[in-house]
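All remarks here apply to the structure that follows.
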Amino acid sequence: MKIEGKAIKYGNDVNTDVIIPARYLNTSDPGELALHCMEDLDSKFAERIKTGDVMVAGKNFGCGSSREHAPIAIKAAGISCVIAETFSRIFYRNAINIGLPILECPDAAKEIKDGDIIAVDLDTGKIKNIESRNEYTAQPFPGFMQEIIESDGLVNYIRKSLKTSKGEK
C-alpha cells in the first residue's frame, strides 16, 4: 500500500488528551472527533489538512490515556499515516486495531519538516521525502498486520476472515 501526502509535524510526547481533548469523549462519531482533532495543540489543524496527509512526530506519540478515540480522530480527519520516533504501546495497538498505519522511524521523524511531501510504501517500510529526496526505512508490518490495516481495522479483518473460513466471498 502506497501513501503520499503533506507532512504535518509535531514534537515529542503528543498525548491522547491533546490529540482529542476529553471534553469531546462524549461521542464516538468519527466525523465529530475529526473536527476537534489536535485543536488544543494546533487550532488550525482541521482547516490545514487534506485527506492523505501524513502526521510526523517525535518520541512517545500517543502517550497518556488509552482512549481509542485518539487514533479514530486522526484517521477520520484524513491523516493517512503517522510517522514518529516512537509510539506509546497502547496507542500503537489502538491505531492498528482501527486500521491507521503508523511507522516508527527516528531519522525520518527528526528530519522531515512541516509541509514536506512524503511518500510511504507500507509494504516495504520505505519513506521518501520528495522535497529533500532523503529516503528512510522503517520496519514494515508483518503480513497479518498489513492485512488488518488494508481491511480498515481489526473488526473488518475478523469479519473478512470469518467469511473466508465459511467459504463466503
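The values are calculated or read from the model by the stated rules, or taken from the named source; none is laboratory data. As the structure is a prediction and not an experimental result, all values here were calculated from the model. With ideal geometry, Cβ positions are generated from the backbone for all residues, glycine too; neighbour counts draw on all protein chains shown.
In this structure, residue 149 does satisfy being at pLDDT below 95 and crowded, with 16+ Cβ neighbours inside 10 Å. Of 46, 84, all but one fail to be small (Gly, Ala, Ser) and over 14 Å from residue 101 (Cβ atoms); the exception is 46.
Among the candidates 118, 127, the residue that is modelled with pLDDT of 95 or more, touching a helix residue (DSSP H, G or I) at 6+ places or on another chain (Cβ under 7 Å) and not in a loop (DSSP other than H, G, I, E, B) is uniquely 127. Only helices (runs of 4 or more DSSP H) whose full extent lies in the range 42-102 are considered here, and the ones with at least 1 residues that are crowded, with 18+ Cβ neighbours inside 10 Å, in contact (Cβ under 8 Å) with a residue 60 or more places away in the chain and in contact with a helix residue (DSSP H, G or I) (Cβ under 8 Å, 6 or more places away or on another chain) are 89-98.
Scanning the range 113-169 for residues that are touching a Leu at 6+ places or on another chain (Cβ under 9 Å), under 22 Å from residue 58 (Cβ atoms) and β-branched (Val, Ile, Thr) yields 120, 127. Take the residues of the range 106-130 that are surrounded by 23 or more Cβ atoms within 10 Å (Cβ to Cβ) and free of Cβ contacts under 8 Å to residues at least 60 places away in the same chain: which is nearest to residue 145 (Cα to Cα)? Filtering the range 106-130 for residues that are surrounded by 23 or more Cβ atoms within 10 Å (Cβ to Cβ) and free of Cβ contacts under 8 Å to residues at least 60 places away in the same chain, the one nearest to residue 145 (Cα to Cα) comes out as 127.
Residue 75 meets the conditions (1) modelled with pLDDT of 95 or more; (2) more than 27 Å from residue 27 (Cβ to Cβ); (3) among the basic types (Lys, Arg) in every case but one. The failed one is (2).
Taking into account only those residues within the range 112-142 that are acidic (Asp, Glu) and touching a strand residue (DSSP E or B) at 6+ places or on another chain (Cβ under 7 Å), which is nearest to residue 84 (Cα to Cα)?
114
Quick check on the range 19-27. Is at least one of its residues surrounded by fewer than 23 Cβ atoms within 10 Å (Cβ to Cβ), aliphatic (A, V, I, L, M), out of contact with any Phe, Trp or Tyr (no Cβ under 7 Å at 6 or more places or on another chain) and in a loop (DSSP other than H, G, I, E, B)? Yes: the range 19-27 contains one or more residues that are surrounded by fewer than 23 Cβ atoms within 10 Å (Cβ to Cβ), aliphatic (A, V, I, L, M), out of contact with any Phe, Trp or Tyr (no Cβ under 7 Å at 6 or more places or on another chain) and in a loop (DSSP other than H, G, I, E, B).
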